[in-house]
DNA sequence: CAGACGATGCACT
DNA sequence: GTGCATCGTCTGG
């Protein structure tokens, strides 16, 4: 399966109140303190999982949350129900949905993203227009504009299908 | 269409 | 015991 990443958020260091490393090292967040380039998956609200990529150097706990994607390969064609005009594929439009569709759980923490199990690849597509905005679903540090999404993607998280400017 | 809310498990204090 | 980096459903306007 593959998808084009269209929305991410940054969580950077112990001094980022919204980062899982904010309380300091714990059993759960230990992979954030390790080498970059690995996955970090955690359980949220008892039901959903969230996929992160560990980014900064060892002992600098930081990660990028993968919030949404557009299905590319390995997905059934989108079903055009009834007479809806332009069906939008939102199966990966949210971190919980994305992990569900890819079958990811905490067992998938620590995977090397340069390996061949779960990895990132540059497909040399034209660079999208990227918009910065506040991170979603948190109450702390909402002033930081550390959410980034493709301005032209209809698969970003949230319900709104409002037009972009 | 927007806002409220319940589900559900576990890390952390 | 508290609080989540969520989502789908239900409600009211």
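Some points to look at:
- Extension gain for residue A:133 to residue A:59 (0.36 nm times residue separation, less C-alpha to C-alpha distance): 23.9 nm.
- Region A:14-92, relative contact order [Cα under 8 Å, separation at least 6], %: 21
- Spatial separation of Cα centroids for region A:35-51 and region A:96-141, in angstrom: 10
- All distinct Cα pairs of region A:25-65 go into the 1/r average, and the inverse of that average, the Kirkwood radius, is 10.3 Å.
- Here the label points at residue A:43 and residue A:106, each 7 Å from Cα along the C-beta direction, are separated by 0.5 nm in the simple model.
- Zero-based 5 Å bins, Cα pair distances in region A:16-88, whole percents: 3, 14, 18, 19, 12, 9, 8, 7, 6, 3, 1
- Placing a pseudo-label 7 Å from each Cα along the Cα-to-Cβ vector at residue A:1 and residue A:75 gives an inter-label distance of 1.0 nm.
- Extended-chain gain in nm, criterion 0.36 nm per residue less alpha-carbon gap, residue A:118 and residue A:89: 8.2 nm
- When Rg and the Kirkwood radius Rh are both evaluated on Cα atoms of chain A, their ratio Rg/Rh stands at 0.97.
- Relative contact order computed over chain A (Cα-Cα under 8 Å; 6+ residues apart), in percent: 27
- Highest average first, the peptides A:96-108, A:120-132 ordered by how many other beta carbon atoms sit within 10 Å of their residues are A:96-108, A:120-132.
- Zone of residue A:140's modelled label, taken as backbone nitrogen in region A:9-38 under 17 Å from a point 7 Å along Cα→Cβ: A:10-30, A:32-33
Coordinate-derived values only; no laboratory data. This is a predicted model, so every value here is computed, not measured. Cβ sites come from the backbone with ideal geometry, for glycine too, and all protein chains shown count toward neighbours.
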